[in-house]
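Here's the structure we're looking at; comments come further down.
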Amino acid sequence: MTIDKVLTVLEKLAPPAYQEEYDNAKLLTGSRAAVCTGVLCCLDITDEVLAEAIQHNCNLIVAHHPILFGSIKSITGASYIEKILIRAIKSDIALYAIHTNLDNVIHGVNQLIANKLNLINCKTLVPKKNTLAKLITYVPKEATSVVLDALFKSGAGHIGEYSEASFSTQGAGTFKGSEKTNPHIGLRGVREVVAEEKIEVLIPVHLQNSILKALFEAHPYEEVAYDLVPLLNTNQGVGSGLIGDLATPLEEVALLQNLKKEFNLSVIKHTALLGKPIQKIAICGGSGSFLIPAAKKAGAHLFITADIKYHAFFDAASDMIIADIGHWESEQYVPEQLFAVLTGNFPNFAVLKSQVNTNPVHYFLG
Ligand SMILES: [Zn+2]
């Protein structure tokens, strides 16, 4: 078992292409080709977490937050980040970050929070643009099912919870090969008219190269005719934040009590209660100030997030309640999710969940 095999599973869960531009979600130290001795899943990489990995012989740490984030000009051990990097490299431990790409997929960080609150009708709050394209290709009729199989297998034809979605129309294709060709049908130098099917499928842009490779391999022609068309459609399964409903509305105080219990919170920072029942809830695990306008526009009664600055609390106005539950608190279940996905894929492999509480924030409650 290589580190690459573990990362391939994680990259299927949250493709790195879906991370935000400022992010650095990827393999940060180590080699994909190395043999993996065990995986430790955590939220943050600290010295204690690194010690835990060494103790349990895990040479791969999968963390939500990338320890390498800004630009580092030297690695002398001057900061805690440099110290951790030096120790990880010396101990031959690969560090991998699965960050805003996991925030941005519909079954990621925000869904975990939604599950704790039993939200239904969950949708991406701000779906991502420029992630989808249409692939159109022309196939002789007898090869249609082989080409479709190859396209579906390589990741084309997914729409929401549906897979293998395509559309085809029948028509006639013409071609005339030069003297250098070796046509699959007909003779070189003679115009051929062939009954063909035009196949259209939706593809995620980040899989474009592998889908085209699969098309070229499955298609019987020497020269494969195809069109790649960028789409203005947003991708419902990818984007920032999430919005969903409670099956039955809850009074504000009861909702906050439930939130406190489910996330084991000692305190919730929130804007003034509005005296109205809550049903529609927007969520953004981690720092979510940037989604306040979108949550309001979507009609959320409550926005659960973290890292709200003083002035941003005013933006709730009297339209909704903002609840800041703390950054670590909002993402505390991420290691559990990574653990579940990896043990699901590798049931007999050493996958561990960190037992270290890495929350740097403490609350003095008197
Ligand atoms: Zn975070």
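Just so you know, all these numbers are worked out from the coordinates, no wet-lab data involved. If you're wondering where the values come from, they're calculated on a predicted model, not measured in any experiment. Cβ sites come from the backbone with ideal geometry, for glycine too, and all protein chains shown count toward neighbours.
When the chain is fully extended, how far beyond the present Cα-Cα distance does Asn57 get from Lys276, taking 0.36 nm per residue of separation?
Working: separation 219, 0.36 × 219 = 78.84 nm, distance 5.24 nm.
That works out to 73.6 nm of additional length.
Counting Lys and Arg as +1 and Asp and Glu as -1 over every other residue whose Cβ lies under 14 Å from the Cβ of Ala254, the net charge comes to 0.
List the DSSP H helices in the chain whose Cα atoms stretch 24 Å or more along the helix axis and whose mean Kyte-Doolittle hydropathy is at least 0.5. Show your work: numbers first, answer last.
On the way: long enough: none.
The qualifying helices: there are none.
Across Glu52, Glu82, Glu161, mean-square fluctuation computed from a Gaussian network of the chain (C-alpha pairs under 10 Å connected) peaks at Glu161. Three principal axis extents describe the C-alpha atoms of segment 130-233; from largest down they are 45, 23, 23 Å. When you restrict to C-alpha pairs under 8 Å that are six or more residues apart and normalise by the size of segment 130-233, the relative contact order lands at 47 percent. Pairs exceeding 19 Å between alpha-carbon atoms, taken from Lys276/Lys296; Lys116/Lys260; Lys134/Lys198; Lys269/Lys309; Lys116/Lys280; Lys141/Lys198: there are none.
Just how far, in whole angstrom, is segment 125-186 from segment 37-55 if you go by their alpha carbon centroids? Segment 37-55 and segment 125-186 have Cα centres spaced 44 Å from each other. Hey, what's the Kirkwood Rh for the chain if you take every pair of different alpha carbons, in angstrom? Evaluated on the chain, it is 23.3 Å. The spacing between segment 253-301 and segment 344-366, judged by their C-alpha centroids, is 24 Å.
Can you tell me, using C-alpha contacts under 8 Å and at least 6 residues apart, the relative contact order of the chain as a whole percent?
Relative CO of the chain lands at 19 percent.
Restricting attention to the chain, close to 70% of DSSP beta bridges with both partner residues there are antiparallel. Sorting Tyr162, Tyr96 from the fewest to the most surrounding beta carbons within 10 angstrom yields Tyr162, Tyr96.
Gyration tensor analysis over the Cα atoms of segment 241-366 returns equivalent ellipsoid semi-axes of 29, 17, 14 Å (largest first, whole Å).
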